[in-house]
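Before any comments, here is the structure.
The values are calculated or read from the model by the stated rules, or taken from the named source; none is laboratory data. Just so it is clear, the model here is predicted, and its values are computed rather than measured. No Cβ is skipped: glycine too gets one built from the backbone with ideal geometry, and neighbour counts run over all protein chains shown. Ligands, DNA and RNA are stripped out before the accessible areas are found, and what is left, the full protein with its side chains, is counted by its heavy atoms. Shrake-Rupley method; radii C 1.70, N 1.55, O 1.52, S 1.80 Å.
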Amino acid sequence: MIADNLRRVRQKIVEAAARAGRDPNQVKLVAVTKTILPEKIYPVLREGIYDLGENRAQELAKKYSQLPLEVNWHFIGHLQTNKVRKIIKMVKLFHSLDRWSLAVEIDKRARQNNIIADVLLQVNVSGEETKFGLVPEEVKDFASEAAGLSGIRVRGLMTMAPYADNPEEVRPVFRNLRLLANNVRGKIPGVAMDMLSMGMTNDYEVAVEEGATIVRIGTAIFGERAG
Ligand SMILES: *Cc1c(COP(=O)(O)O)cnc(C)c1O
C-alpha cells in the first residue's frame, strides 16, 4: 500500500517535471514521517527513499535512534531555540529558519560540534497570519547577515502555501518563491540559493512545475494522519 502510494507520487513528480521541461532527478522527495511509526516507514526505505521529514525535535530524536543511520533527516517545523542543541548533529537540512535568534542558535551549536548546518529560509509568501516565516522583503538582508555566520550555510528557500481546494490557486505562491530565490542568487558570496523546498500532498505537482527542488510529502504516501 505505502509502496504503491510512493510509486504513484514519484510518477506524478516525473510527469509534472516533464510538463515544465525539467529533469525529474532535480526534484528530491522528502517523505514526511511525523506521527508515523517506524514499521510504516520501513517500506519507504525499502523503496530507496532515505530523506525523511519531521516537524518536532523530540520525535525526530526518537526516530533518529530507531531508524538506520543512513537516513537524511529534514527538520521542517517551527523550531524552538532550546531544541536546537538536541538535534543539531542529527539534521541534514533545516527547512524552517524563520528568525534571527534561531540563526544565531543554530550557528552556535553547529560551531560547537565542528559542523556547518545547511539551512533554508522559510518565507511567508502568502502573508497568511497563521504562517511562520520571513516576509519576502526581508529575505535578501537576512541571507546577507546569515552569510556572516560561519556555522550556517544558507542553501535556499522554503514555503508553505495556504490550503486550497484547487492547487492552481497557490501557483503564484510557488512562482514568487522561485523569483525571490532568483533575485538573491549570485549576489551574496556563500549563499547558493539552489534549493527550493515547496509542495505538499495537496499541491506538489504545481510546485514541481514552478521549480521545486524538494517536495515534502506525508499524506499521499502514508495516508491521513491520526489526530
Ligand atoms: C506535515 C507537513 C508536510 C506534509 O504534509 P502532507 O499534506 O501530509 O503532505 C509538509 N511540510 C510541512 C512543513 C509539514 O508540517
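3J(HN,Hα) along the stretch 90-102, derived from phi through the Karplus expression 6.51 cos²θ - 1.76 cosθ + 1.60 where θ = phi - 60°, amounts to 8, 9, 7, 8, 8, 8, 10, 6, 10, 7, 5, 4, 6 Hz, with x in place of Gly and Pro.
How large is the translational diffusion coefficient of the chain in µm² per second when you combine the Kirkwood radius over alpha carbon pairs with Stokes-Einstein at 25 °C and 0.890 mPa s? Provide the component values of the computation, followed by the final result.
Values: Rh = 17.7 Å.
The Stokes-Einstein estimate is 139 µm²/s.
With charges only on Cβ, +1 for K and R and -1 for D and E, what is the dipole size of the chain about its Cα centre, in debye, rounded to 20? All intermediate terms of the calculation are to be shown ahead of the outcome.
Numbers: 33 positive and 28 negative charges, 170 e Å.
I would put it at about 820 debye.
For a straight C-alpha distance cut-off of 16 angstrom, the lysines reachable from K86 (same-chain residues fewer than eight places away being disregarded) are K62, K63, K108.
If you put +1 on each Lys and Arg Cβ and -1 on each Asp and Glu Cβ, how big is the dipole of the stretch 105-227 around its Cα centre, in Debye rounded to 20?
Numbers: 14 positive and 18 negative charges, 130 e Å.
About 620 debye.
You can think of it this way: the chain between D165 and K40 has 42.2 nm of extra reach, that is 0.36 nm per residue less the Cα-Cα gap.
Sorted largest first, the spans of the alpha carbon positions of the stretch 175-227 along the three principal axes are 44, 20, 15 Å.
Work out the FRET efficiency for F132 and E224 from their Cβ-Cβ distance, taking R0 = 30 Å, and round it to the nearest 0.05. Please list the in-between numbers first.
Numbers: r = 24 Å, r/R0 = 0.79.
In this case the efficiency is close to 0.80.
Calculated on the Cα set of the stretch 129-189, radius of gyration then Dmax: 13.4, 42 Å.
Once backbone amide H atoms are built at 1.01 Å from N, A117 has I152, R153 as its partners under 5 Å, excluding neighbours fewer than 5 places away on the same chain. Between the residues P172, M160, S126, the greatest Cα displacement towards the positive end of the dipole of the chain, with unit charges on the Cβ of Lys, Arg, Asp and Glu, is found for M160. Heavy-atom accessible surface of the chain, averaged per residue, reaches 48 Å², computed with a 1.4 Å probe.
Taking a straight line from the alpha carbon of K40, these aspartates and glutamates sit under 14 Å away, with near neighbours fewer than eight places off in the same chain left out: D4, E224. In this simple spin-label approximation, R19 and K92 carry label points 7 Å from Cα along the Cα→Cβ vector, and these lie 2.7 nm apart. Once Rh for the stretch 60-135 is found with the Kirkwood sum over Cα pairs, what is the Stokes-Einstein diffusion coefficient at 25 °C and 0.890 mPa s, in µm²/s? Answer, rounded: 187 µm²/s. What is the list of residues in the stretch 82-125 whose amide nitrogen lies under 16 Å from a point 7 angstrom out from the Cα of L69, following Cα to Cβ? Residues passing the 16 Å test: 89-92.
Rounded to the nearest 0.05, what FRET efficiency do Q26 and Q80 have when you use their Cβ-Cβ distance and R0 = 35 Å? Numbers along the way, then the final one.
Details: r = 33 Å, r/R0 = 0.93.
Taking R0 as 35 Å, the efficiency between Q26 and Q80 is 0.60.
Along its three principal directions, the equivalent ellipsoid of the stretch 1-103 from the Cα gyration tensor extends over semi-axes of 26, 18, 10 Å, largest first.
For the stretch 99-216, what % of the accessible area comes from carbon and sulfur atoms, probe 1.4 Å? Can you show the working numbers first?
Working: 2610 of 5350 Å².
Heavy-atom surface of the stretch 99-216 belonging to carbon and sulfur, 1.4 Å probe: 49 percent.
Of all DSSP beta bridges confined to the stretch 1-151, the antiparallel ones make up roughly 0%.
The share of accessible area on the stretch 1-56 that comes from carbon and sulfur is 47 percent, using a 1.4 angstrom probe.
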